[in-house]
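Taking it in order: structure first as structure tokens, then the write-up.
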Amino acid sequence: MTDPILRVEGVTRRFGGRGDLVARLLARLGLARPKPVVTAVDDVSFTLDRGKVLGVVGESGCGKSTLGRMIAGLLPPSEGGIHVATGDTGHALPMQMIFQDPFSSLNPRKRVTDLVGEAPRVHRIVDRAGMDAYIDGLMERCGIDPGVRDRFAHQFSGGQRQRIGIARALAVKPEILVADEAVSALDVSIQAQIINLFMDLRDEFGLTYVFISHDLGVVEHIADTILVMYLGRVVEIGPAEEVFARPRHPYTRALIEGVPRLDRRRVVYAPVEGDIPSPIDPPSGCHFHPRCPFAQDRCRAERPALRQVGPVEAACHFAEDIANSKETPPWPATQTA
Amino acid sequence: MTDVPVLQVDDLNTSFLLTAGEVKALRDVSLTVHRGEILGLVGESGSGKSITGFSINGLLSPPGQVMSGSIRLHGDEITGLGSEQMRRLRGNRIAMVFQDPMMTLNPVLKIGHQMRDALRAHMRIGDREVRARSLAALHEVGIPSPEDRLLAYPHQLSGGMRQRVAVAIALLHEPDLVIADEPTTALDVTIQGQILSLVQRLCRDRGTALIWITHDLAVVAGIADRIAVMYAGRIVEEGTVDDVLDRPAHPYTRGLIDSVPSRGQRGRRLQQIPGRMPALTDLPEGCSFRPRCPRAADACAQPQPMRDLGARRVRCCRPLTEALA
């Protein structure tokens with residue numbers, strides 16, 4: 001039984017371009033160069049079922065945060081549509097976002113009660129009489145002692161602040177939480193606590209997550225579906241266990257193989273070459289071709305469409321060959337004796 | 001071959017002398033690094049891992065101060081050296097690579113200028129020689145078209161490129177010891193792989209001793225020979241990578257390892273360490289990890305000396321390698 005709650009259809013987001021009237025006039029008169037257009041997210045489509053976790057991975061500048069902000073409704077897409085099937089009643093705001101840096105995402109001049117309580121008050125989710133009990137319940141659920149409700153955000157540690165951020169997001173009874181690098185800034189032992197909290201909350205409230213992270217270990221742990229982005233495009237999307245066990249796209253393979261792991265010792269890293277290209281001037285054809293050891297002429301000329309390859313979708317002309325090739329490519333890491 | 005380690009630190013104590021009182025940032029830290037060896041120094045925020053690097057390098061500034069202990073470079077004591085003598089060592093025999101190359105490279109000087117300054121700080125050489133050495137260093141760290149890069153400002157390079165430049169500058173004088181403080185934490189996975197591979201190769205080829213400071217156990221699992229785990233200013237366990245990661249003796253090490261999501265554990269609850277690291281001003285008696293430790297007992301309230309368990313050292317009276325009585 002599939003029960004899609006989030007449908008993203010052909011979403012594209014561009015930044016830059018037009019500029020104001022003066023800039024356009026100057027450009028027309030040849031006195032200034034027109035501002036470059038960056039396509040941060042390029043024709044992304046997927047559906048997400050209720051109660052599932054979508055892990056969005058990719059490196060800096062791949063557009064994962066822009067995608068997350070569009071899903072959370074913080075940024076309108078340039079093209080395409082994002083549809084949320086809000087189910088039953090009681091959900092005031094269906095989507096909420098949790099940010100990476102709990103130091104800058106909480107207003108330092110507000111007390112915890114106000115941080116958590118402001119939205120439910122404004123949206124009249126709880127009446128005045130029940131407010132204190134409601135806030136206490138949320139704080140307790142997220143692992144913050146309600147006794148500290150009158151403190152300011154700066155009086156808490158990073159992990160505690162992230163818990164406050166989660167309580168604030170939950171306060172409006174959302175259905176979808178977009179977590180953008182929500183555990184990346186935390187120490188390992190604290191990160192484990194927050195990941196566990198995320199999983200408990202999903203089970204308890206039937207939440208759906210869009211979990212954005214550059215940390216593949218974390219994403220593999222929590223996500224049901226993995227979406228891999230490179231320079232604004234989806235290069236691979238599929239069930240987490242499939243993507244991690246047998247990546248079809250060479251970039252996915254490079255990412256997964258390149259992640260340091262506890263069980264890999266004395267690795268000789270032979271990493272994927274080259275830098276991440278600038279999204280202002282992306283390579284032709286397949287964006288990954290300058291760094292791809294499998295690249296051929298076709299990859300330089302023709303943009304590969306996202307297509308079904310076995311149980312996953314991948315955007316690579318040679319996905320079948322790469323998934324089936326037994327020999328290990330020369331990168332990214334080979335174990336030594 | 002003499003058996004004098006490149007770096008030997010014994011019972012190092014570093015404190016911050018604040019008006020509110022003394023904050024002991026490092027307590028009895030001892031470590032040894034041999035030629036060509038990579039030591040991973042692991043710990044969470046506030047564990048003292050960066051302060052250890054700063055103390056060795058003489059980069060502590062007041063109110064931070066090394067209170068006692070000995071730091072020997074090739075057997076020569078360097079704790080008592082004056083700032084001028086330390087300046088002669090730094091960059092020359094001990095080099096450091098920091099987390100954020102945007103902070104360590106001067107944003108208003110061209111790369112070539114900064115490399116020239118670094119070279120001339122310890123050598124009297126002419127312009128031609130400076131240029132040749134700079135180009136060779138950039139070439140060695142895999143920077144394409146190094147001639148152009150010498151004329152570039154740091155902001156014109158990508159993060160990975162900047163970190164390569166920082167590594168190149170650190171290695172200009174072929175130091176005996178490199179202290180790398182979270183050098184790949186700010187980088188993307190594929191770029192991190194490039195820097196890891198680079199540092200690994202350079203250390204192996206030149207026999208440079210390396211201390212790799214990080215919070216990421218997985219990174220040191222891949223490159224280090226030995227691991228030292230720090231908690232609240234103390235080294236709590238130290239041994240070979242395989243011993244420490246496969247058979248941790250200290251409950252904190254065990255907790256750290258279990259906190260890392262690993263393959264084949266999908267969807268399972270992570271083992272979490274309850275609570276968080278205590279403030280350095282408010283450490284419990286005896287073992288600092290005691291309030292969070294599942295194995296804690298009365299004996300843990302006593303001071304915990306470093307114990308030798310064969311090839312490794314652990315600061316715990318009830319290590320996981322011994323059955324509880």
Looking only at the stretch A:120-136, how many residues end up being crowded, with 16+ Cβ neighbours inside 10 Å and out of contact with any helix residue (DSSP H, G or I) (no Cβ under 7 Å at 6 or more places or on another chain)? 1
Given the structure, is B:Gly239 at pLDDT 90 or above and either under 17 Å from the mean Cα position of the chain (by Cα) or of a type outside the set (Val, Ile, Thr) (or both)? yes
Any residue at all in the stretch A:208-216 that is part of a strand (DSSP E or B), more than 11 Å from chain B (Cβ to nearest Cβ) and aliphatic (A, V, I, L, M)? yes
Matching residues in the stretch B:232-248 - criterion: being within 12 Å of chain A (Cβ to nearest Cβ), of a type outside the set (A, V, I, L, M, F, W, C) and surrounded by fewer than 24 Cβ atoms within 10 Å (Cβ to Cβ): B:Thr240, B:Asp242, B:Asp243, B:Asp246
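Yes/no per residue for (1) in contact with a Lys or Arg (Cβ under 7 Å, 6 or more places away or on another chain); (2) buried (at least 22 other Cβ atoms within 10 Å of the Cβ); (3) farther than 25 Å from B:Leu31 by Cβ:
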{"site": "B:Asp225", "(1), (2), (3)": "no, no, no"}
{"site": "B:Met230", "(1), (2), (3)": "yes, yes, no"}
{"site": "B:Pro251", "(1), (2), (3)": "yes, yes, no"}
{"site": "B:Val260", "(1), (2), (3)": "no, yes, no"}
{"site": "B:Arg266", "(1), (2), (3)": "no, no, yes"}
{"site": "B:Arg315", "(1), (2), (3)": "yes, yes, no"}
{"site": "B:Arg318", "(1), (2), (3)": "yes, no, no"}
{"site": "B:Thr321", "(1), (2), (3)": "yes, no, no"}
The stretch B:36-59: number of residues that are in contact (Cβ under 8 Å) with a residue 40 or more places away in the chain, more than 14 Å from every other protein chain (Cβ to nearest Cβ) and either of a type in the set (Ser, Thr, Tyr) or surrounded by fewer than 18 Cβ atoms within 10 Å (Cβ to Cβ) (or both): 2
Does the stretch B:283-291 include one or more residues that are surrounded by fewer than 19 Cβ atoms within 10 Å (Cβ to Cβ) and more than 18 Å from B:Ile273 (Cα to Cα)? yes
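May I ask you to verify whether B:Val97 is within 14 Å of chain A (Cβ to nearest Cβ) and within 22 Å of B:His215 (Cα to Cα)? Walk me through how you get there before you give the answer.
Details: within 14 Å of chain A (Cβ to nearest Cβ): no; within 22 Å of B:His215 (Cα to Cα): yes.
No; evaluated as a whole, the condition is false for this residue.
Does the stretch A:246-254 contain at least one residue that is among the polar types (S, T, N, Q) and at pLDDT below 90? Steps first, answer last, please.
Residues of the stretch A:246-254 among the polar types (S, T, N, Q): A:252.
Of the ones still in play, those that are also at pLDDT below 90 are none.
There is no residue in the stretch A:246-254 that is among the polar types (S, T, N, Q) and at pLDDT below 90.
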Within the stretch A:161-172, is there a residue that is in a helix (DSSP H, G or I), within 14 Å of chain B (Cβ to nearest Cβ), in contact (Cβ under 8 Å) with a residue 40 or more places away in the chain and crowded, with 21+ Cβ neighbours inside 10 Å? yes
Conditions (1) among the aromatic types (Phe, Trp, Tyr); (2) under 19 Å from the mean Cα position of the chain (by Cα); (3) modelled with pLDDT under 90 -> A:Phe211 fails only (3)
Kindly indicate whether any position in the stretch A:247-259 is within 26 Å of B:Val42 (Cβ to Cβ), touching a residue at least 12 places away in the same chain (Cβ under 8 Å), facing chain B (nearest Cβ under 9 Å) and in a loop (DSSP other than H, G, I, E, B). yes
Against the definition (farther than 25 Å from A:Pro311 by Cβ and of a type outside the set (Phe, Trp, Tyr)), how does A:Ile164 come out, yes or no? yes
Keeping to the stretch B:194-213, report how many residues are within 11 Å of chain A (Cβ to nearest Cβ) and surrounded by fewer than 23 Cβ atoms within 10 Å (Cβ to Cβ). 5
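Going residue by residue through the stretch B:254-271, is there one that turns out to be away from every other protein chain (no Cβ under 12 Å) and touching a residue at least 40 places away in the same chain (Cβ under 8 Å)? It would help to see each step written out before you state the result.
Of all residues in the stretch B:254-271, those away from every other protein chain (no Cβ under 12 Å) come to none.
Taking every residue of the stretch B:254-271 in turn, none turns out to be away from every other protein chain (no Cβ under 12 Å) and touching a residue at least 40 places away in the same chain (Cβ under 8 Å).
Any residue at all in the stretch A:135-148 that's basic (Lys, Arg), touching a residue at least 12 places away in the same chain (Cβ under 8 Å) and part of a loop (DSSP other than H, G, I, E, B)? Lay out the reasoning, then the answer.
Here is the first cut: in the stretch A:135-148, the ones basic (Lys, Arg) are A:141.
Subset that is touching a residue at least 12 places away in the same chain (Cβ under 8 Å): A:141.
Now drop any that are not part of a loop (DSSP other than H, G, I, E, B), which leaves none.
Checked against the condition, which is being basic (Lys, Arg), touching a residue at least 12 places away in the same chain (Cβ under 8 Å) and part of a loop (DSSP other than H, G, I, E, B), the stretch A:135-148 yields no hits at all.
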Subset of the stretch A:1-50 that is of a type in the set (Gly, Ala, Ser) and at pLDDT below 90 - its residue that is nearest to A:Val84 (Cα to Cα): A:Gly16
Name the residues in the stretch A:152-192 that are of a type in the set (S, T, N, Q) and either modelled with pLDDT of 90 or more or closer than 18 Å to A:Leu138 by Cα (or both), would you? A:Gln160, A:Gln162
Where residues in the stretch B:272-288 are at the interface with chain A (Cβ under 7 Å from one of its Cβ atoms) and more than 23 Å from B:Met306 (Cβ to Cβ), which of them is nearest to the chain's Cα centre (by Cα)? B:Arg276
Extreme residue, surrounded by the fewest Cβ atoms within 10 Å (Cβ to Cβ), among residues of the stretch A:280-294 that are in contact with a Gly (Cβ under 9 Å, 6 or more places away or on another chain) and under 22 Å from B:Ser145 (Cβ atoms): A:Ile280
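If you check B:Ser61, B:Ser47, B:Ser55, which single one turns out to be under 23 Å from B:His250 (Cα atoms) and at pLDDT below 95? Break it down stepwise before answering.
Values: B:Ser61 fails: under 23 Å from B:His250 (Cα atoms); B:Ser55 fails: under 23 Å from B:His250 (Cα atoms).
Residue meeting the stated conditions: B:Ser47.
For the stretch B:164-192, how many residues meet the condition of being more than 27 Å from B:Leu31 (Cα to Cα) and under 18 Å from the mean Cα position of the chain (by Cα)?
The number of residues fulfilling the criteria is 2.
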Looking at the stretch B:80-108, which of its residues are over 19 Å from B:Gly58 (Cβ atoms) and touching a helix residue (DSSP H, G or I) at 6+ places or on another chain (Cβ under 8 Å)? B:Pro101, B:Met102, B:Leu105, B:Asn106, B:Pro107
Criterion (β-branched (Val, Ile, Thr) and either closer than 14 Å to A:Met97 by Cα or within 14 Å of chain B (Cβ to nearest Cβ) (or both)) met by exactly one of A:Val148, A:Val126, A:Val122, A:Val178: A:Val178
Would you be able to say whether some residue in the stretch B:169-190 is at the interface with chain A (Cβ under 9 Å from one of its Cβ atoms), touching a residue at least 40 places away in the same chain (Cβ under 8 Å) and either over 30 Å from B:Pro303 (Cβ atoms) or assigned to a helix (DSSP H, G or I) (or both)? no
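The values are calculated or read from the model by the stated rules, or taken from the named source; none is laboratory data. This one's a predicted model, so the numbers in the text were calculated from it and none came from an experiment. Because the Cβ atoms are built from the backbone with ideal geometry, glycine has one as well, and the counts that use them run over all protein chains shown.
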